[in-house]
Amino acid sequence: MSHPLYQTLNEQLGYLTWPLLICAFITLMITLERFALILFELPKRDIWLAKLRQDAATATPEQCQTLLTHLSTGNSMLAKGSYLLLTYREQNRHMREEIINLWLIKQKGKLQSGLKVLQVMGLITPLLGLLGTVLGLIEMFNQLGVSQGPVTPSQLASGLGLAMNTTAAGLIIAVPAITLAHLFSLWADQRCSNIAHSLNQLNLWLEGCDQAMNIGQDSGSKQQKVALKNVNESNRNSTESLAL
């Protein structure tokens, strides 16, 4: 390659130019893909859930069918999970919970996809920088070894420059990679928790629990107490029916 930028990088990084460029490219691609996923999973894509929390007190067959039709075109993970849950609404609650748990495990894997590679990039690049430091020092000592006269700054410049540049390049890649890997992992865990919470609410809503969609919401403690009371009554009625 004869591109001026590549020539400059090759002069500064030496043999480690390509390894560091590859690590930087992989880190950039994973970061862009994760940011795209975050934008795709923004809460504004699930405004149907907020509307359901405001309008629906009990689940009727007509409401379920309308919601199922609406969710069939949704692309967010919450919309797909809700569609799956409504598809199996005729099953008992325990069976629906098992289906959703299996689905959530798969979605968590998707949300955390690539983060291990990002962490590996954060570990490898400092080691490549350290390797560049060692190679730079070796080059410097080789130049000093073949020199017959006094040591000059020019003899030290190329070796020390390679040593410092590769170390700096490795850290420039490693710090964002490790930081973003942890931040993306935290976001993935939080997103999975929110999806699980919403699907549990929807599951209770399918059981006919009034105000189930408001459990855990910041809409006032009174509504939450009413919702929890209804859940307890629903469980008590189920127990009495089994006893009979």
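Taking Cβ atoms as reference points and 15 Å as the exclusive limit, the residues near T69 contribute a net charge of +2, counting Lys and Arg as +1 and Asp and Glu as -1.
Computed with every protein chain present, the accessible area of R191 is close to 30 Å² [probe 1.4 Å].
Rolling a 1.4 Å probe over the protein heavy atoms leaves M29 with an accessible area of roughly 80 Å². Within the assembled protein chains, the solvent-accessible surface assigned to K116 is about 150 Å², based on a 1.4 Å probe. Farthest toward the positive end of the dipole of region 1-143, out of L115, T69, I38, is the Cα of T69, where the dipole comes from beta carbon charges about the Cα centre. Rounded to the nearest 0.05, the FRET efficiency derived from the C-beta distance between L84 and L32 at R0 = 25 Å is 0.30. For the peptides 201-207, 82-88, 9-15, the ranking by packing is 201-207, 82-88, 9-15, with the highest mean count of neighbouring Cβ atoms within 10 Å listed first. With the full set of protein chains in place, find how many percent of the accessible area of region 1-129 is carbon and sulfur; take the probe as 1.4 Å. In region 1-129, the share of accessible area belonging to carbon and sulfur is 64 percent. Solvent-accessible surface of region 6-123, taken per residue with a 1.4 Å probe and all protein chains present: 61 Å². For the set V117, V175, the ranking by accessible area, highest first and with no ligand, DNA or RNA atoms included, is V175, V117 under a 1.4 Å probe.
The values are calculated or read from the model by the stated rules, or taken from the named source; none is laboratory data. Keep in mind that this is a model prediction, so the values were computed, not measured. In this analysis, Cβ positions are derived from the backbone assuming ideal geometry, glycine residues included, and neighbour counts consider all displayed protein chains. Remember, those area values only see protein heavy atoms, side chains included, never the ligands or the DNA or RNA. Shrake-Rupley method; radii C 1.70, N 1.55, O 1.52, S 1.80 Å.
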